Amino acid sequence: MAILVTGGAGYIGSHTCINLLNAGYEIVVVDNFSNSKPEVIERIKQISRKNFLFYQVDLLDEVAVENIFRENDISAVIHFAGFKAVGESVNIPLSYYHNNITSTLILCEIMKKYGVKKMVFSSSATVYGDPEKCPIPENSTLSTTNPYGSTKLMIEQILRDLGRSDHDWSIALLRYFNPIGAHESGLIGEDPHGIPNNLLPYISKVAAGDLPFLNIFGDDYDTKDGTGVRDYIHVVDLSMGHIRALEKILTTKGVEAYNLGTGKGYSVLEVIKAFEKVSGQRIHFKVSSRRPGDIATCYADIRKAKNELNWQASKTIEDMCQDTWNFSINNIKV
Ligand code: NAD
Ligand code: UDP
């Protein structure tokens, strides 16, 4: 019996593959490398010292996906594959809806056909839109502000409907807050193409001297120091959350959403300070206007994941910055 990991060559998927292999699971990985590189697969093998089957397949290719299920004894799927850039999704919405939603429909149809009714799905805190309160509990009102977020919310709805239509399904909808950091080996991490959109990859490039300064998007929010507050979570902690969620769905039925965050909010200025402390580098910044669509504050209510998945993040903001920097200075670009 194997766990199928879609998008396993990506940032969160690759860290989760390592934890799955370390926990003794057999895995089968599928990715089309639209946002990752083949070297990552070798690095997962190098770090874990374990082997696994890899398929370079696009999830939109129904025949190729079915072939994976025919050739392997799959017991559950961890579904990471999808496009994830908010700004890009505004410019090319049809690609986002097609890649994220159609591929999930294809995957679910084939899972149903092969009697595989267990899935861990990568959702996002973006489904909370501009939250009414923080910490945000899972039963908050859901809304989205961009096509990427809409794909996540729509897929959650599709999976809930699927669970309602057939009570044999067991699905965990994992709503990630802000994943950052990298594997302690420095061999895998987040390596976005071009100029990064997200805070940590951007700070990393400023620290490394590749970019002159960080633009802080607004210092007039109603927060502790006026800059945006987010719930940053170490990608290794996050990947452990998937192991706990997998253990849960393997033994239960139904569809449940879980927040995966630390429950703590850090401002942009606090993150800069933590990064400067661990890297010894000065992070030059300028305050610019607010980024359209940004919210002031976002952090998780983590009680449900703690109580029902027996999972809690353990790494500090310094650990997260340290591992991000470590990956960056190793300069092992993959
Ligand atoms: P990533 O882009 O690094 O990984 C996604 C992987 O899926 C990539 O390797 C890509 O090549 C692959 N992929 C995309 N479309 C595919 C397709 N049609 N067929 C096969 N492979 C395909 O992203 P990530 O940061 O690891 O995120 C993983 C998941 O978590 C995504 O669904 C993302 O939306 C979600 N998520 C990410 C964040 C974040 O900040 N990183 C936050 C919330 C949710
Ligand atoms: N941010 C910033 N400058 C940047 C990138 C991000 O000031 O170059 C801020 C952003 O306004 C937000 C926080 O950093 O308050 C986290 O942004 P990110 O894009 O990483 O995550 P998200 O907005 O999706 O939560």
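If a residue must be surrounded by 22 or more Cβ atoms within 10 Å (Cβ to Cβ) and either over 13 Å from Ala125 (Cβ atoms) or of a type in the set (Asp, Glu) (or both), how many such residues does segment 229-238 contain?
Residues flagged as surrounded by 22 or more Cβ atoms within 10 Å (Cβ to Cβ) and either over 13 Å from Ala125 (Cβ atoms) or of a type in the set (Asp, Glu) (or both) within segment 229-238 amount to 4.
Going by what's in this entry, would Val86 be described as more than 19 Å from the chain's Cα centre (by Cα), within 16 Å of ligand 2 (Cβ to nearest atom) and closer than 22 Å to Ser143 by Cβ?
Details: more than 19 Å from the chain's Cα centre (by Cα): no; within 16 Å of ligand 2 (Cβ to nearest atom): yes; closer than 22 Å to Ser143 by Cβ: yes.
Judged against the criteria, Val86 is not a match.
Would you be able to say whether some residue in segment 247-257 is at pLDDT 95 or above and within 16 Å of ligand 1 (Cβ to nearest atom)? If you could, list the steps in order and put the result at the bottom.
So the first thing to find is which residues in segment 247-257 are at pLDDT 95 or above, and the list is 247-257.
Then keep just the ones that are within 16 Å of ligand 1 (Cβ to nearest atom); that gives 257.
Yes, segment 247-257 has at least one match.
Out of curiosity, is Ser289 among the small types (Gly, Ala, Ser) and surrounded by fewer than 16 Cβ atoms within 10 Å (Cβ to Cβ)? Please lay out each step first, then the result.
Details: among the small types (Gly, Ala, Ser): yes; surrounded by fewer than 16 Cβ atoms within 10 Å (Cβ to Cβ): yes.
When the stated conditions are applied, Ser289 passes them.
Just to be sure, is Val271 in contact with a His (Cβ under 6 Å, 6 or more places away or on another chain) and within 14 Å of ligand 2 (Cβ to nearest atom)? So that I can check it myself, show each step before the final result.
On the way: in contact with a His (Cβ under 6 Å, 6 or more places away or on another chain): no; within 14 Å of ligand 2 (Cβ to nearest atom): yes.
Spelling it out, it is not the case that Val271 is in contact with a His (Cβ under 6 Å, 6 or more places away or on another chain) and within 14 Å of ligand 2 (Cβ to nearest atom).
Can you tell me which residue among Gln281, Gln322 is in a loop (DSSP other than H, G, I, E, B) and either open to solvent by 20 Å² or more (accessible area, probe 1.4 Å) or under 26 Å from Phe217 (Cβ atoms) (or both)?
Working: Gln322 fails: in a loop (DSSP other than H, G, I, E, B).
Going through Gln281, Gln322 in turn, the sole match is Gln281.
From the residues in segment 284-296 that are assigned to a loop (DSSP other than H, G, I, E, B) and of a type in the set (Lys, Arg), which one is nearest to Asp220 (Cα to Cα)?
At the first step, the residues of segment 284-296 found to be assigned to a loop (DSSP other than H, G, I, E, B) are 284, 289-296.
Now restrict to residues that are of a type in the set (Lys, Arg): 290-291.
Values: Arg290: 8, Arg291: 12 Å.
For segment 284-296, the residue satisfying everything is Arg290.
Taking Pro192, is it at pLDDT below 95, out of contact with any His (no Cβ under 9 Å at 6 or more places or on another chain) and over 29 Å from Tyr25 (Cβ atoms)? Don't jump to the end; show me each part of the working.
Details: at pLDDT below 95: yes; out of contact with any His (no Cβ under 9 Å at 6 or more places or on another chain): yes; over 29 Å from Tyr25 (Cβ atoms): no.
Taking the combined requirement at face value, the residue does not satisfy it.
Residues being part of a loop (DSSP other than H, G, I, E, B) and at negative phi: count how many of those fall in segment 297-318. Explain how you work it out, then say what you get.
Of the residues in segment 297-318, the ones part of a loop (DSSP other than H, G, I, E, B) are 299, 301-302, 310-316.
Cutting the leftovers down to at negative phi gives us 299, 301-302, 311-316.
Of the residues in that region, 9 qualify.
Kindly indicate whether any position in segment 209-228 is more than 16 Å from ligand 1 (Cβ to nearest atom), open to solvent by 10 Å² or more (accessible area, probe 1.4 Å), polar (S, T, N, Q) and in contact with a strand residue (DSSP E or B) (Cβ under 8 Å, 6 or more places away or on another chain). Break it down stepwise before answering.
Looking only at segment 209-228, we keep the residues that are more than 16 Å from ligand 1 (Cβ to nearest atom), and these are 209-227.
Next cut, open to solvent by 10 Å² or more (accessible area, probe 1.4 Å) only: 209-213, 215, 217, 219-225.
Adding the requirement that they be polar (S, T, N, Q) leaves 215, 223.
Subsequent filtering for residues that are in contact with a strand residue (DSSP E or B) (Cβ under 8 Å, 6 or more places away or on another chain) retains 215, 223.
So far as segment 209-228 goes, yes, one or more of its residues are more than 16 Å from ligand 1 (Cβ to nearest atom), open to solvent by 10 Å² or more (accessible area, probe 1.4 Å), polar (S, T, N, Q) and in contact with a strand residue (DSSP E or B) (Cβ under 8 Å, 6 or more places away or on another chain).
Return yes or no: is Asp31 open to solvent by 50 Å² or more (accessible area, probe 1.4 Å), near ligand 1 (Cβ under 9 Å from one of its atoms), touching a residue at least 12 places away in the same chain (Cβ under 8 Å) and among the acidic types (Asp, Glu)?
Details: open to solvent by 50 Å² or more (accessible area, probe 1.4 Å): no; near ligand 1 (Cβ under 9 Å from one of its atoms): yes; touching a residue at least 12 places away in the same chain (Cβ under 8 Å): yes; among the acidic types (Asp, Glu): yes.
The answer is no for Asp31.
Tally time: how many residues in segment 232-287 are of a type in the set (Ser, Thr, Tyr), closer than 18 Å to Met320 by Cα and under 22 Å from the mean Cα position of the chain (by Cα)? So that I can check it myself, show each step before the final result.
As a first pass, look at segment 232-287 and keep what is of a type in the set (Ser, Thr, Tyr): 232, 239, 251-252, 258, 262, 266-267, 279.
Within this subset, residues satisfying the condition of being closer than 18 Å to Met320 by Cα are 232, 239, 262, 266-267, 279.
Then keep just the ones that are under 22 Å from the mean Cα position of the chain (by Cα); that gives 232, 239, 262, 266-267.
Matching residues across segment 232-287 total 5.
Considering only residues that are of a type in the set (A, V, I, L, M, F, W, C) and modelled with pLDDT of 95 or more, look in segment 1-18 and name the one that is most open to solvent (accessible area, probe 1.4 Å). Full working, then the answer.
Residues of segment 1-18 of a type in the set (A, V, I, L, M, F, W, C): 1-5, 9, 12, 17-18.
Now restrict to residues that are modelled with pLDDT of 95 or more: 2-5, 9, 12, 17-18.
Details: Ala2: 2, Ile3: 5, Leu4: 2, Val5: 0, Ala9: 4, Ile12: 27, Cys17: 0, Ile18: 4 Å².
Among those residues, the one meeting the criterion is Ile12.
Name every residue in segment 105-116 that is under 13 Å from His79 (Cβ atoms) and either assigned to a loop (DSSP other than H, G, I, E, B) or in contact with a Gly (Cβ under 7 Å, 6 or more places away or on another chain) (or both), in order of residue number. I'd like the intermediate steps shown before the answer.
Within segment 105-116, the subset under 13 Å from His79 (Cβ atoms) is 105-108, 110-111, 116.
Val116, the sole residue that qualifies.
Among the residues of segment 112-126, how many are over 28 Å from Thr144 (Cα atoms) and hydrophobic (A, V, I, L, M, F, W, C)? Reasoning before the result, please.
Of all residues in segment 112-126, those over 28 Å from Thr144 (Cα atoms) come to 112-116.
With hydrophobic (A, V, I, L, M, F, W, C) added as a condition, the list becomes 116.
Matching residues across segment 112-126 total 1.
Pick from segment 227-261 the residues that are in a loop (DSSP other than H, G, I, E, B) and touching a Ser or Thr at 6+ places or on another chain (Cβ under 8 Å): which of them is nearest to Glu156 (Cα to Cα)?
Within segment 227-261, the subset in a loop (DSSP other than H, G, I, E, B) is 227-228, 231, 252-253, 261.
Still in the running and touching a Ser or Thr at 6+ places or on another chain (Cβ under 8 Å): 227-228, 231, 252-253.
Values: Thr227: 31, Gly228: 27, Asp231: 21, Thr252: 18, Lys253: 16 Å.
In this case the residue turns out to be Lys253.
Any chance you could count how many residues in segment 159-206 are assigned to a helix (DSSP H, G or I), more than 30 Å from Ile47 (Cα to Cα) and more than 14 Å from ligand 1 (Cβ to nearest atom)? Show your work before the answer.
Applying the first criterion (assigned to a helix (DSSP H, G or I)) to segment 159-206 yields 159-165, 199-206.
Narrowing the set further to residues that are more than 30 Å from Ile47 (Cα to Cα) leaves 159-165.
Next, only the ones that are more than 14 Å from ligand 1 (Cβ to nearest atom) stay: 160-165.
Here the count works out to 6.
Going through Ala76, Ala64 one at a time, which residue ends up being in contact with an Asp or Glu (Cβ under 8 Å, 6 or more places away or on another chain) and more than 9 Å from ligand 1 (Cβ to nearest atom)?
Being in contact with an Asp or Glu (Cβ under 8 Å, 6 or more places away or on another chain) and more than 9 Å from ligand 1 (Cβ to nearest atom) holds for just one of Ala76, Ala64, which is Ala64.
Criterion first (open to solvent by 10 Å² or more (accessible area, probe 1.4 Å) and either modelled with pLDDT of 95 or more or of a type in the set (Val, Ile, Thr) (or both)) does Leu260 satisfy it?
Here the answer is no, as Leu260 does not meet what is asked.
The values are calculated or read from the model by the stated rules, or taken from the named source; none is laboratory data. Small disclaimer: the values here were computed from a predicted structure and weren't measured. Neighbour counts run over all protein chains shown; Cβ positions are idealised from the backbone, glycine included. Please note that ligands, DNA and RNA were not included when accessible areas were found on the heavy atoms of the full protein model with its side chains. Shrake-Rupley method; radii C 1.70, N 1.55, O 1.52, S 1.80 Å.
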